[in-house]
Amino acid sequence: MQIQSFKIFCDLVETESFTRAAQINGVTQSAVSQQISSLERQLKSLLIERSKKKFRLTREGELLYEHSRQMVSTYDSLLHRLQEVKDIISGTIRVATIYSIGLHDLPPYLKRFLKAYPTVNVHVEYQRANQVYDDVLGNVVDLGLVAYPNKDTRLEMVHLREEKMVLICHPKHPLARGKTVKLAQLDGQRFIGFEPDIPTRKAVDKVLRDAGITIKVVMEFDNIETVKRAVEIEAGVSIVPDGTVAGEVAKLTLTAIPIADADIGRPLAVIYKKNKALSPAMKQFIQLLKEAP
């Protein structure tokens, strides 16, 4: 039995998907099935209850997972320590990020990192916030990039910075005439919001609610790009991170206005699973993300 077999088994347990486990390990779905069957033959134990519709481990499978996870973690720690001793920065970093960070904040950092460490492969996936947390906890990815990070005893969190939030509107909108806007001016405005479960939406709702402001939410979307498109067609106004609209402001398709009486900042953070062995490449990546834009 090789350590790779144990890793594939752990990935299968944590993703509950043969397809996903195959993708993580760069093998075919058939190869994953073969590895699991091989483990069962060698251990003379059934590991997965195949008759069930829902993925479920047998008691033997649960025991193997507990010890396999420890072995894989120890092996990863050994590899990372050897890399540090040899001053080697290489390998693969799997990152899950929310759309706004992935599309607007991450690219310049990624470019700088890959230029400095060309032998590192960074695989980025764009997800909703709740899925980023699930993927990090499930070891599907190494690092997660989120806004308004949730406190979780199972996770480590590295604060990066706070992004300034601004009001955006069409250049012909009456609010676009001012250099700043006050929250009271938003009362009764048609508003383009993120979907209710998205952390940025929750934060904006709280600011408006605490100020006694009532808005008319006319559209809700799950990503920043669609929110901006709706504002561009004059469907309403919105509050978004300043850095996400730089392109549209430069092209004069949107106007970004500072909010005078509310200092709204969106905190950004890197999250990873507690007790995870970070490779030298992962540590350097996190360090770079902490630097000023």
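A few comments on the model shown:
- Hits in the stretch 43-63 (condition: of a type outside the set (A, V, I, L, M) and either in contact with a helix residue (DSSP H, G or I) (Cβ under 6 Å, 6 or more places away or on another chain) or within 16 Å of Lys7 (Cα to Cα) (or both)): Ser45, Gly61, Glu62
- Summed over the stretch 129-180, residues that are touching a helix residue (DSSP H, G or I) at 6+ places or on another chain (Cβ under 8 Å), in a loop (DSSP other than H, G, I, E, B) and within 18 Å of Ala96 (Cα to Cα) total 9.
- Enumeration of residues in the stretch 127-174 that are among the hydroxyl-bearing types (Ser, Thr, Tyr) and either touching a strand residue (DSSP E or B) at 6+ places or on another chain (Cβ under 6 Å) or at positive phi (or both): Tyr148
- Selection within the stretch 110-121 - touching a residue at least 24 places away in the same chain (Cβ under 8 Å) and either crowded, with 17+ Cβ neighbours inside 10 Å or of a type in the set (D, E, K, R) (or both): Arg112, Phe113, Tyr117, Val120
- Total residues in the stretch 254-288, condition surrounded by fewer than 17 Cβ atoms within 10 Å (Cβ to Cβ) and in a strand (DSSP E or B): 2
- Restricting the stretch 260-293 to residues that are of a type in the set (A, V, I, L, M, F, W, C) and under 21 Å from Phe221 (Cβ atoms), the residue that is farthest from the chain's Cα centre (by Cα) is Ile264.
- The listed residues are Tyr75, Tyr65, and the only one of them that is more than 30 Å from Glu163 (Cα to Cα), touching an Asp or Glu at 6+ places or on another chain (Cβ under 9 Å) and part of a helix (DSSP H, G or I) turns out to be Tyr65.
Coordinate-derived values only; no laboratory data. Note that the coordinates shown come from a computational prediction; the quantities given were computed from them, not determined experimentally. No Cβ is skipped: glycine too gets one built from the backbone with ideal geometry, and neighbour counts run over all protein chains shown.
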